[in-house]
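The structure under discussion appears below in the form of structure tokens.
The values are calculated or read from the model by the stated rules, or taken from the named source; none is laboratory data. As the structure is a computational prediction, the values presented were derived from the model and not from experiment. Cβ sites come from the backbone with ideal geometry, for glycine too, and all protein chains shown count toward neighbours. Accessible surface is based on the protein model in full, side chains and every heavy atom, while ligands, DNA and RNA are left aside. Shrake-Rupley method; radii C 1.70, N 1.55, O 1.52, S 1.80 Å.
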Amino acid sequence: MLGAERSSLGDLEKMTAASQAERTVLEEEFNWLLKEEVHSVLKQLQDILKEASRRFSMPTPGLEGQLKQENFILGSSTMDQVKGVLTLQGEALTQADINIKVTKSSQVMHFAFRDDKQWKLQQIQDARNHVNQALQLLSSRDESYQFKTGAEVNKLMDAVMLQLTRARNRLTTPASLTLPELAASGLMRMFTPPMPGDVMVNFYINLSKLCLTVYQLHLLQPNTTKNFKPAGSSVVHNPGAMFEHNNNKFEVSHVHKVECVVPWLNDTLVFFTISLQLCQQLKDKISVFSSFWNYKPF
């Protein structure tokens, strides 16, 4: 009986020693992760996000101080009701040359930005700001910095991922606007000749596409028997949507949406995805070690 107890105690000591040896190896691996691999991932992230940031402000070849201007032709699938060329320079639309065919009369109206006007695309500006904030977070932990805990790394990764998710969401989720907000927008005052009261336009980014929506409106008579119900917020409003502006009631009669692909926006979205994956992979490695620390075999 005593021999059996000694045998089991010996087995227990062996198991404890093996467990301690395994724990020592894990601690060495974890320290290597904190000291070496974390900084390797941070360097990768910085390189990718610097490339993403550069896409937002590409210089003109030979003129480093001037942003590159790019022209995009608007394509349409709705019987060519709307055609145009948009000029994008970084986050600003510097020119918009638009032809709109009026549905009733087939008359073609031509509008262009006034020479003294540019339209800032807030989505691009915000996305770039979030990328730069992520870069600032990463640069605050240079190679000489020693991470002491996995929780500290996770905290940094969470902060970087938050900025990258916000950057991506700005490009993938256009703002919802009401029709009165569109009617009162400064965009309506940027064109020459001025937009007539029965036409409204809106520009926005959706993923890697620069989109233009044109609304043709019908003025409702004050004594109309039509049931007036103002529309709420939307990225794109449908025909039949109603609203009131400057004491006049309108109904949307026709909606035309045209768009063009901006290749560098697609690049930035790919960079965001790769960066988010790198952050998550590092967090996953740390959580594997954490699960070992929390595991008590005896």
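Local charge sum around L179 (other residues, Cβ-Cβ under 13 Å, Lys/Arg +1, Asp/Glu -1)?
Its environment carries a net charge of -2.
Set the Förster radius R0 to 45 Å, insert the Cβ-Cβ distance between K43 and H218 as r into 1/(1 + (r/R0)^6), and round the FRET efficiency to 0.05.
For R0 = 45 Å, the calculated efficiency reads 0.15.
With the full set of protein chains in place, find how many percent of the accessible area of segment 150-238 is carbon and sulfur; take the probe as 1.4 Å.
Carbon and sulfur: 54 percent of the exposed surface of segment 150-238.
Once phi is turned into ³J(HN,Hα) by the Karplus curve 6.51 cos²θ - 1.76 cosθ + 1.60 with θ = phi - 60°, what whole-Hz value does each residue of segment 243-259 show in order, with x for glycine and proline?
7, 10, 8, 6, 6, 10, 9, 10, 10, 6, 9, 9, 10, 10, 10, 10, 8
Could you give the length gained by full extension between N99 and K283, i.e. 0.36 nm per residue of separation minus their alpha carbon distance, to one decimal place?
Once the chain is fully extended between N99 and K283, it gains 61.1 nm.
Pull up the cross-link candidates among the aspartates and glutamates for K43, meaning alpha carbon to alpha carbon under 12 Å and not fewer than 8 places away within one chain.
Excluding near neighbours in sequence, the set is D142, E143.
Accessible area of W32, 1.4 Å probe, to the nearest 10 Å²?
Only protein atoms counted, so the area is about 140 Å².
At what distance in nm do the modelled label points of I73 and N227 sit from each other, each positioned 7 Å from its Cα along Cα→Cβ?
4.6 nm
Need one number: nm distance between label points at T172 and S290, each 7 Å from Cα along Cα→Cβ, rounded to one decimal.
Placing both labels 7 Å beyond Cα along the Cβ direction yields 2.4 nm.
Would you please calculate the Kirkwood hydrodynamic radius of segment 81-198 over all C-alpha pairs and express it in Å, rounded to one decimal?
Taking every pair of different Cα atoms in segment 81-198, averaging 1/r and inverting gives 17.8 Å.
Residue by residue through segment 126-133, which ³J(HN,Hα) values in whole Hz follow from phi under the Karplus form 6.51 cos²θ - 1.76 cosθ + 1.60 (θ = phi - 60°), with glycine and proline marked x?
Karplus-based 3J(HN,Hα) across segment 126-133 equals 5, 4, 4, 4, 5, 4, 5, 5 Hz.
So if I average 1/r over every pair of distinct C-alpha atoms in segment 188-237 and take the inverse, what Kirkwood radius in Å does that give?
13.5 Å
Send over a whole-number figure in Å² for the accessible area per residue of segment 142-224, probe 1.4 Å.
On a per-residue basis, 46 Å².
Where q = 0.10, 0.14, 0.22 Å⁻¹, what log10 of I(q)/I(0) comes from the Debye formula for segment 155-289, counting one point per Cα?
Result of the Debye calculation: -0.49, -0.75, -1.26.
Can you list the aspartates and glutamates whose alpha carbon is less than 19 Å from that of K101, not counting same-chain residues fewer than 8 positions off?
Straight-distance partners of K101: D80, D198, E251, E259.
What ³J(HN,Hα) values, in whole Hz, does the Karplus curve 6.51 cos²θ - 1.76 cosθ + 1.60 give for segment 236-242 when θ = phi - 60°, with x put for Gly and Pro?
These are the phi-based 3J(HN,Hα) values: 10, 8, 9, x, x, 5, 10 Hz.
On the Cα set of segment 132-232, report Rg and Dmax in Å, please.
Just the Cα atoms of segment 132-232 yield Rg and Dmax of 23.1, 75 Å.
Amide H to amide H under 5 Å from V235: which residues, 5+ apart in sequence or cross-chain, H placed 1.01 Å off N in plane?
L177
For a quick check: with amide H placed at 1.01 Å from N, whose amide H comes under 5 Å from K249's, ignoring anything fewer than 5 positions away on the same chain?
L220
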